[in-house]
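The values are calculated or read from the model by the stated rules, or taken from the named source; none is laboratory data. Source: prediction; values computed, not measured. Positions of Cβ are generated from backbone atoms using ideal geometry, with glycine treated the same way; all protein chains shown enter the neighbour counts. Remember, those area values only see protein heavy atoms, side chains included, never the ligands or the DNA or RNA. Shrake-Rupley method; radii C 1.70, N 1.55, O 1.52, S 1.80 Å.
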Amino acid sequence: MNITDVLIRIDERLAELKADGRGMTDRSLSLEATGSTDTIRNWRRQAKDAKPAGGANIATIAKVAKALNVSADWLLTGEGERSLPQNQIISEIIQALPQLTPLELETVRAAVLGLRDRRPPEEQ
């Protein structure tokens with residue numbers, strides 16, 4: 001695993017999120033993925049110093065991939081499907097539903113139905 005290549009793909013995804021108005025920083029990504037604010041910063045420092053990236057193991061990179069909403073395979077190798085598999089996305093949504101308040105559930109319902117109804121008939 002080349003951590004420099006992983007960091008390049010992280011930067012690519014962060015730029016996309018920023019362009020979509022869903023900005024995320026190294027700090028917020030690290031916190032969401034690992035509970036620490038310094039994970040990505042430490043990887044960058046270690047890559048710059050050509051040192052092995054401590055903590056950059058498969059499990060941690062998978063957590064970062066999930067926080068970026070990309071597949072771990074793509075983040076690690078740059079190959080394969082970039083986006084999360086549809087069944088994983090659906091599974092994560094289903095797992096989160098019981099934790100939502102009634103108002104949040106209604107918001108999700110309205111959003112899903114609104115997105116579905118916006119599609120042209122030939123795509124439904």
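Remarks
- Within the stretch 53-60, one or more residues are at pLDDT below 85, surrounded by fewer than 17 Cβ atoms within 10 Å (Cβ to Cβ) and in the same structural domain as Leu17 (by the TED database).
- Which numbered condition Leu115 misses (of (1) part of a helix (DSSP H, G or I); (2) open to solvent by less than 50 Å² (accessible area, probe 1.4 Å)): (2)
- Within the stretch 1-34, the set of residues being at positive phi and open to solvent by less than 60 Å² (accessible area, probe 1.4 Å) is empty.
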